[in-house]
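The values are calculated or read from the model by the stated rules, or taken from the named source; none is laboratory data. Keep in mind the model is a prediction, meaning the values are calculated, not measured. Positions of Cβ are backbone-derived with ideal geometry, glycine not excepted, and every protein chain shown enters the neighbour counts.
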Amino acid sequence: MVIHTNLSYRSFLLIAFLFTLANPESDSDLINELVSLRSAAESGLIPLNDEDVSKFITSVATPRPYSLIIFFDAIHLHGNSQLRLPEFRREFGLVSATFIANNNNGTNGKKLFFCEIESTHSVASFQRFAVENLPHISLVSPMTENLTESDQMDGGDFTGLAESMAEFVERLTKLTVGPIQRPPLLSKTQIGIIVAFLIISTPILIKKILKGETLLHDRRIWLVGAVFVYFFSVSGTMHNIIREMPMYIKDYEDSNKFVFFIEESEMQLGAEGFFVGFLYTVVGLLLAFVTNVLVRVKKLEEQRMAMLLSLSISFWAVRKVVYLDNWKTGYEIYPYWPSSWRH
């Protein structure tokens, strides 16, 4: 009877040991580890690598006790203004921070974790999720088994930035994110410094205004401002800001080359606008020089030479603008010069 008891006890220990090997970490251990990683991460974004994806997702039996929403990032593409990865990551971090602030003390706070995977050391994870384009955000629900079939944000979920991302999370997880909590533009310390500076400088400023010694009384400031406004107007800067057009793009045929001018009338790169704006500004400044400065020159020869030089530069600048317009639109404008100059 004693021998039977010892064998049963040994069998129990063996079964427990094998069970431990098959299940190295329980669900509660995984959740506690995720909570710990979230507490140590900025904005609560847990950085994952290939091993973590296996540990928290693929090696955990469904249904999992939590969901993971993952932002896929590539540091080497942060310089691409068309992708806007740093901006989307910052907005994704705001959603994460807001969710934590509103759910950290409840059970819902342990049902969803915000994570990020960077491509440098997680190529296998990108392949597992079949990530082909960035930005890319996937939601791994408790029942997700095939990672390529995980829920993904579409283009519409990115347009509204953090607010749209929060709607996506709430719609699929049925959890409440809450109103996005954006940090104030200025901290209390900065506001205090500004107020103190205004209080100290107000008497000095009033004194200078009464004496007419401020920058607003300087004609050179107004001249520079007028030139800047003129350049801003003719270079299409507002177009570039509204449409978020890049200054240049990489050549599709050779990634080591850059394209500053694109032959499409529907699209204008920032460099094109600045180039044309520069030419327009040169012509405008030469016109101002001829009408306001050159007329005061007393020597006739100097006046004629300056006039010829101004006309030559203006003619060259206008011709470059017309050539660029013809090249982009396909329409030719040449009635004001001889036909032999058209080609």
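Points to keep in mind about this one:
- Considering the range 299-326, and only residues there that are among the aliphatic types (A, V, I, L, M) and more than 19 Å from Phe261 (Cα to Cα), the residue that is surrounded by the most Cβ atoms within 10 Å (Cβ to Cβ) turns out to be Ala306.
- Condition check for Ile262 on (1) aliphatic (A, V, I, L, M); (2) part of a helix (DSSP H, G or I); (3) surrounded by 10 or more Cβ atoms within 10 Å (Cβ to Cβ): one failure, at (2).
- Identity of the residue in the range 51-101, polar (S, T, N, Q) and closer than 30 Å to Leu269 by Cβ, that ends up surrounded by the fewest Cβ atoms within 10 Å (Cβ to Cβ): Gln82
- The residues of the range 215-256 that are among the aromatic types (Phe, Trp, Tyr) and surrounded by 11 or more Cβ atoms within 10 Å (Cβ to Cβ), listed by number, are Trp222, Phe228, Tyr230, Phe231, Phe232, Tyr248.
- Some residue of the range 192-214 being assigned to a loop (DSSP other than H, G, I, E, B), surrounded by fewer than 10 Cβ atoms within 10 Å (Cβ to Cβ) and out of contact with any helix residue (DSSP H, G or I) (no Cβ under 9 Å at 6 or more places or on another chain): yes
- Qualifying residue in the range 323-334 (condition: of a type outside the set (Val, Ile, Thr), modelled with pLDDT under 85 and more than 44 Å from the chain's Cα centre (by Cα)): no
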